[in-house]
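Scroll down for the structure; my scribbles are underneath it.
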Amino acid sequence: MFERFIDENDIRSVLEKGEIIAEYSDDNPFPSMLVLGNAKNRPIHVVVAYNKEVNELIVITVYEPDREKWEADFKRRK
């Protein structure tokens, strides 16, 4: 996160205003999802797991999607 120059406010913005582009309901120990949003004029992917028992989102990773690996809308891999 810090190496990629993505801060907590960027993550919050993506999670509040972004779009879920993939859901991984079979992930363990908690189901997870990939959220796409924008922060500081750049696309950001946030992968979060959801612990339903305590209503908690767990940030797994955050990154700027690679334009070589993702379609122009950053919603689908090439």
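Read-outs throughout are calculated quantities, based only on the coordinates presented, and are distinct from any laboratory measurement. The structure displayed is predicted, hence computed values, not measured ones. In this analysis, Cβ positions are derived from the backbone assuming ideal geometry, glycine residues included, and neighbour counts consider all displayed protein chains.
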Report the GluC sites (Glu not before Pro) located in the range 1-38 that are in a DSSP loop and have at most 10 other Cβ atoms inside 10 Å of their Cβ, or state none. E3
Set Lys and Arg Cβ to +1 and Asp and Glu Cβ to -1, take the dipole of the chain about its Cα centre, and tell me which of I60, P43, F30 lies farthest positive. P43
Starting with the fewest neighbours, write out F5, F30 ranked by other beta-carbon atoms found within 10 Å of each beta-carbon. F5, F30
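In deg cm²/dmol, rounded to 500, what helix-only [θ] at 222 nm does the chain give when every DSSP H run of at least 4 residues adds -39500 (n - 2.57) and the total is split over its residues? Let's see the in-between values first.
Working: 1 runs with 10 residues, N = 78.
Here the helix-only value at 222 nm equals -4000 deg cm²/dmol.
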Residues whose placed amide H lies under 5 Å from that of A39, excluding near-sequence neighbours: I44
With charges only on Cβ, +1 for K and R and -1 for D and E, what is the dipole size of the chain about its Cα centre, in debye, rounded to 20? 340 debye
What is the order of L15, L36, fewest Cβ neighbours within 10 Å to most? L15, L36
Can you compute the modelled spin-label distance between R77 and N9, with each label point 7 Å from Cα toward Cβ, in nm? 3.4 nm
Quick one: 3J(HN,Hα) in Hz for the range 50-55, Karplus 6.51/-1.76/1.60 with θ = phi - 60°, rounded, Gly and Pro as x. 10, 8, 5, 4, 10, 6
Read-out P(r) over Cα pairs in 10 Å bins from 0, in percent, candidates (i) 19, 51, 27, 3; (ii) 13, 22, 15, 13, 12, 12, 12, 0; (iii) 19, 58, 23, 1; calculated match is (i)
